[in-house]
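Data block below; observations after.
The values are calculated or read from the model by the stated rules, or taken from the named source; none is laboratory data. Quick caveat: nothing in here was measured; it's all calculated off a predicted structure. So basically every Cβ, Gly included, is an ideal-geometry build from the backbone, and we count neighbours across all protein chains shown.
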């Protein structure tokens with residue numbers, strides 16, 4: 001069902017190593033994220049929106065460090 005005024009969102013696929021995917025699956029267990037894709041999209045939005053917010057450099061560095069650990073950077 002589509003809500004009035006809501007635009008249709010297109011999706012694409014991004015490949016990640018299977019071992020990384022499995023680590024993320026375990027990492028998000030019990031967090032409320034319905035899928036690895038939704039978690040990765042959330043993390044990437046956080047990083048990309050950082051330029052528009054007043055997040056401290058420390059928080060940005062921590063997010064970037066975590067993404068490196070996960071193999072995204």
Practice item. All but one of (1) out of contact with any helix residue (DSSP H, G or I) (no Cβ under 6 Å at 6 or more places or on another chain); (2) in a helix (DSSP H, G or I); (3) surrounded by 10 or more Cβ atoms within 10 Å (Cβ to Cβ); (4) modelled with pLDDT under 85 hold for residue 48, so report the exception by its number. Key: (3)
Check your understanding: If a residue has to be surrounded by 16 or more Cβ atoms within 10 Å (Cβ to Cβ), without any contact (Cβ under 8 Å) to a residue 12 or more places away in the chain and either under 20 Å from residue 68 (Cα atoms) or in contact with a strand residue (DSSP E or B) (Cβ under 7 Å, 6 or more places away or on another chain) (or both) to count, how many in the stretch 25-43 make the cut?
Key -> 1
Practice item. Please work out which residue is modelled with the lowest pLDDT, limiting yourself to the stretch 51-72 and to residues that are surrounded by 11 or more Cβ atoms within 10 Å (Cβ to Cβ) and outside any helix (DSSP H, G or I). Key: 55
Check your understanding: Among the numbered criteria (1) modelled with pLDDT under 90; (2) within 12 Å of residue 71 (Cβ to Cβ), which single criterion is violated by residue 21?
Key -> (1)
